[in-house]
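See structure below.
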Amino acid sequence: MSVYFIVEAKVIDKEVYAQYVEKVRSIVESYNGRYLARGGRVVPIVGDWNPDRVIIIEFPAIKDMKRWFASSEYKEIAPLRERSAVTRAILVEGEG
């Protein structure tokens, strides 16, 4: 079953965040992840949720997402994200 890693991000340091973005894509892809949405315009439809940025990554299985998130490659660049953005993330199981 596919899983979707969904992130809400508020970028606070564009320069450092750009370094993170430059490095993370290849790491995600090496763990079978695929970006479905990344940094496009966000349009609120219902309620007052209006995030600055939303990222959606699809993985074929939860094990792939867990391997990516726990990998040494990702842990090496995670501090760039932590220094440059305030983020919240959820995992949603579903059919893709």
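Values for this structure:
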| quantity | calculated |
| --- | --- |
| The chain, dipole about Cα centre (Lys/Arg Cβ +1, Asp/Glu Cβ -1), debye to the nearest 20 | 120 |
| Length gained when the stretch Ile56-Asp13 is fully extended (0.36 nm per residue, less Cα-Cα span) | 13.4 nm |
| The chain: calculated mean residue ellipticity at 222 nm from DSSP helix runs of at least 4, using -39500 (n - 2.57) | -13000 deg cm²/dmol |
| Virtual spin-label span in nm between Lys63 and Ser26, 7 Å along Cα→Cβ | 2.7 |
| Gaussian network model of the chain, springs between alpha carbon atoms under 10 Å - residue of Glu76, Glu58, Glu29 with greatest fluctuation | Glu76 |
| Normalised convex hull volume, the chain, alpha-carbon set, Å³ per residue | 96 |
| Of Arg25, Arg81, Arg34, the one that fluctuates the most in a GNM where the chain has Cα springs shorter than 10 Å | Arg25 |
| Amide N proximity, the stretch 22-42 versus Ile6 label position 7 Å along Cα-to-Cβ, cut-off under 17 Å | 34-42 |
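Values in this text are rule-based calculations from the coordinates and carry no lab data. This is a predicted model, so every value here is computed, not measured. Counting neighbours? That spans all protein chains shown, and the Cβs are built from the backbone with ideal geometry, glycine included.
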